[in-house]
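The values are calculated or read from the model by the stated rules, or taken from the named source; none is laboratory data. Being a predicted model, the structure only gives us computed values, none of them experimental. No Cβ is skipped: glycine too gets one built from the backbone with ideal geometry, and neighbour counts run over all protein chains shown.
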């Protein structure tokens, strides 16, 4: 089968969407499919990108006519999608997704869509662009997909995207912060979406992400240091600010390792200095090596995910595969990854002191307690999150064996 994947960000640019797309394309190519990934070329994309691990994937990087953050207007995509058996759109892709829709309307070209997340742009100009684009294209893009894939149904049901609500009659409202606590909003009963929306969980390479054995050594901070790991691109919704404020309330022997780059990183460096915790924080920058990420997870006392919103969190299941406990915000997607008190903790608060209290418990585990929690987390991941099973289901979607497109 000749398959086109369409996505705004792709390795070597770091991000969860790109990682999912890469693993899908790599495995599909191994199975004999002809796979091409269409993505944007950014100013920081090397002129010569090294071959991707796994090979077999043709990657076409397009210069956008107009660029805004991870979005980019790429009209040439419409013509590039000719002669593919199926197009797989990774949504959102502002500036590119409408080309897939136009190929459907004018060439009857079938496409499936993975709804990765609600777009939450920062800045007035980006928000304005999003509203205009959504008003013109979003509903039609979602409605015309042969199938819509979601990685976590609870996240999708709780979507704040009004376009999702307009095409899914029984969608529900999300959980929003209220006076420092994440209190549930009124919810309508979730109805039967039918066969048009399919949940396919992503996977983890359990051979790369596995416990290295022994007690965490602190990594950048030396032996005996208790280390909290934050592994995400530091955009505002990831709430690194909340973690920095919590760290200020903790003991001197606890430090924070930040793995991720770009976005508001310089602002957070300045915040760490203003909070007087500069010497307790290491900003390691972006990491494009899975082996190195596994080392980070193994060296950490826990992984912290204070994000305001997560659609799934690959970093959570990667950490759990390494036996690293996870402390995450209590929200729909994370409740599907972490079982409170069994393989991690869920924090139902937006207050630094509450996060500091739970993080103290996480970094203060005995060796026996950590081994028990780590083993439970790895067992869950190995049993539930596998890329081979993921692509098995994906191939079924491509063959349209699971039902009909919504009218």
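Considering only segment 316-362, state which residues are free of Cβ contacts under 8 Å to residues at least 60 places away in the same chain, assigned to a helix (DSSP H, G or I) and either within 19 Å of the chain's Cα centre (by Cα) or outside the structural domain of residue 296 (by TED's automatic domain parsing) (or both).
Selection gives 316, 334.
So is residue 319 under 20 Å from residue 365 (Cβ atoms) and crowded, with 17+ Cβ neighbours inside 10 Å or not?
yes
Here is a check on your reading of the model: is residue 60 surrounded by fewer than 19 Cβ atoms within 10 Å (Cβ to Cβ), touching a strand residue (DSSP E or B) at 6+ places or on another chain (Cβ under 7 Å) and either in a loop (DSSP other than H, G, I, E, B) or at pLDDT 85 or above (or both)?
Values: surrounded by fewer than 19 Cβ atoms within 10 Å (Cβ to Cβ): yes; touching a strand residue (DSSP E or B) at 6+ places or on another chain (Cβ under 7 Å): yes; either in a loop (DSSP other than H, G, I, E, B) or at pLDDT 85 or above (or both): yes.
In short, yes.
Give me the residue from segment 208-228 that is modelled with pLDDT of 90 or more, outside the structural domain of residue 305 (by TED's automatic domain parsing) and more than 18 Å from the chain's Cα centre (by Cα) and, out of that set, farthest from residue 118 (Cα to Cα).
Filtering first and then ranking leaves 211.
Considering only segment 384-400, how many residues are touching a residue at least 40 places away in the same chain (Cβ under 8 Å) and assigned to a loop (DSSP other than H, G, I, E, B)?
Matching residues across segment 384-400 total 3.
Looking for whichever is buried (at least 23 other Cβ atoms within 10 Å of the Cβ), modelled with pLDDT of 90 or more and farther than 22 Å from residue 353 by Cβ here; the options are 231, 246. Which one fits?
Within the list 231, 246, the selection yields 231.
Select from segment 302-315 the residues that are under 16 Å from the mean Cα position of the chain (by Cα) and within 23 Å of residue 257 (Cβ to Cβ) and list them in ascending order. Lay out the reasoning, then the answer.
We begin by selecting, within segment 302-315, every residue under 16 Å from the mean Cα position of the chain (by Cα); these are 303-315.
Correct list: 303, 304, 305, 306, 307, 308, 309, 310, 312, 313, 314, 315.
Identify the residue in segment 63-98 that is part of a strand (DSSP E or B) and farther than 24 Å from residue 28 by Cβ and, among all such residues, is nearest to the chain's Cα centre (by Cα).
71
Do you know which residues across segment 241-264 are closer than 22 Å to residue 290 by Cβ and within 18 Å of the chain's Cα centre (by Cα)?
258, 259, 260, 261, 262, 263
Looking at 307, 313, 289, which one is free of Cβ contacts under 8 Å to residues at least 12 places away in the same chain and closer than 24 Å to residue 11 by Cβ?
Exactly one of 307, 313, 289 is free of Cβ contacts under 8 Å to residues at least 12 places away in the same chain and closer than 24 Å to residue 11 by Cβ, namely 289.
Restricting attention to segment 304-313, does a residue exist that is under 25 Å from residue 118 (Cα atoms), part of a strand (DSSP E or B) and either in contact with a helix residue (DSSP H, G or I) (Cβ under 9 Å, 6 or more places away or on another chain) or at pLDDT 95 or above (or both)?
yes
If a residue has to be within 25 Å of residue 117 (Cα to Cα) and modelled with pLDDT of 90 or more to count, how many in segment 34-57 make the cut?
6
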